[in-house]
Amino acid sequence: MRQRVTLEAPVRTPDGAGGADTAWSPVATLWADVAAAGGGEVTAGERLEARTRLRVTIRFRAGVTPAMRLVWRGAALNIRAVADRDGRRRFLSLDCEAGGAS
């Protein structure tokens, strides 16, 4: 685990027109192992958008959900899945996606 990532949680505030604005609040800065897990293209609107999939491993931390995101090397990584792969509560494996809207 040699990479630094920042775990962020969404903070929604009313915008006064019945909706809400989303901002991101840092939760913790963590050591992580970041590895490529593939990539591809998706259709967003009427255009293709590149997406990179990454697997990020961090020490076990309760409360991490797919609603959160990571920031790594200045890029926002959307968390798609969270798993304690060996069931021993030592590490969390986060399947993330870079690219597109955060």
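The values are calculated or read from the model by the stated rules, or taken from the named source; none is laboratory data. None of these values were measured; they are calculated from a predicted model. Glycine gets a Cβ as well: all are built from the backbone with ideal geometry, and neighbour counts include every protein chain shown. The accessibility values were calculated without ligands, DNA or RNA, using every heavy atom of the protein model including side chains. Shrake-Rupley method; radii C 1.70, N 1.55, O 1.52, S 1.80 Å.
Descriptive notes on the structure:
- Exclusive hit being open to solvent by less than 80 Å² (accessible area, probe 1.4 Å), of a type in the set (S, T, Y) and in contact with a Phe, Trp or Tyr (Cβ under 6 Å, 6 or more places away or on another chain), set T13, T65, T57, T52: T57
- Of the residues screened, A76 is not one that is open to solvent by less than 30 Å² (accessible area, probe 1.4 Å), modelled with pLDDT under 95 and of a type outside the set (F, W, Y).
- Residues within region 49-77 that are without any contact (Cβ under 8 Å) to a residue 40 or more places away in the chain and in contact with a Pro (Cβ under 8 Å, 6 or more places away or on another chain), tallied: 0
- Residues of region 16-27 satisfying the condition of being over 16 Å from A75 (Cα atoms) and exposed (fewer than 14 other Cβ atoms within 10 Å of the Cβ): G16, A17, G18, G19, A20, D21, T22
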